[in-house]
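Visitor: Structure incoming, see below.
Bear in mind that the values in this text are calculations on the coordinates, not laboratory data. It should be emphasised that the depicted structure is a prediction, and the values quoted were computed from it without experimental measurement. Here the Cβ positions follow ideal geometry from the backbone for every residue, glycine too, while neighbour counts run over all protein chains shown.
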Amino acid sequence: MDEIINAEKEKPEPAREEALEEEKPKIELKSSRPLLKWEALEYEDIPKSNNWFWSVGIIAASATLASILLGNILFAILVMISSLTIILYGVKRPKKVIFSFTGRGLQIDSRLFPYENLRSFWIHYDPPAKKNITIEPKKLFMPTMLIPLEDTDPNIIREHLLKFLKEERHEESITQTISRLLGF
């Protein structure tokens, strides 16, 4: 029988901790049942002030006006659509997502990412600023996954992932840097 391990930090009592050591269950590694499971927001919610929205609007209006004056109507339309998309994405609030690691792979809500399709992982843990995992896929056009840890114990997750993936330092990508600078 598999046991779901709640990956959130808990401090067991000393007597209970010894009992847990003795009765560790054998876990079937190819099982699709969750071995580690936690809930977190799909991305960090950074509140945007009115000044942020005004800045996006002013920059978009300036770029659109410059494009029209230079006779590039297609670029003006592209700037307007892009700025509208950025504003709509800035208003959107993140939803709660269930993250879990099974014997077969990483599961985000109902979508499974098998370990065979993943290359490596790195845990960025510097509370309170950074508490997340990056997982590098093997597929060329699949983006690096950034998974928030919230109150999850990174040591439990690291022990589990080392069975399936190699631990390799991941630096912040240009896309992540730009997103962070824009407040996303």
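Visitor: Scan around residue 105 for amide H atoms under 5 Å from its own, H built in the peptide plane at 1.01 Å from N, and keep only partners 5 or more places away or cross-chain.
Guide: 115
Visitor: I want to verify the translational diffusion coefficient of the stretch 38-130 in µm²/s; compute it with Stokes-Einstein, Rh as the Kirkwood radius over Cα pairs, at 37 °C and 0.692 mPa s.
Guide: Result for D is 194 µm²/s.
Visitor: Spin-label point model (7 Å from Cα, Cβ direction): what's the residue 159 to residue 81 distance in nm?
Guide: According to this spin-label approximation, the distance is 5.1 nm.
Visitor: Under 14 Å from a label point 7 Å along Cα→Cβ of residue 33: give me every residue in the stretch 86-110 with its amide N that close.
Guide: 102-104
Visitor: Another one. If you stretched the chain out fully between residue 98 and residue 110, how much longer would it get, using 0.36 nm times the residue separation minus the C-alpha to C-alpha distance?
Guide: Full extension from residue 98 to residue 110 adds 3.5 nm.
Visitor: Continuing with this model, one more query. Could you check the simple spin-label distance between residue 180 and residue 168, using points 7 Å along Cα→Cβ, in nm with one decimal?
Guide: Taking the simple label geometry, residue 180 and residue 168 are separated by 2.1 nm.
Visitor: Let me know the shape class of the stretch 135-184, please: from the alpha-carbon gyration tensor, a ≥ b ≥ c as square roots of the eigenvalues, rounded when a/c is under 1.5, otherwise prolate if a/b is greater than b/c, or oblate.
Guide: oblate
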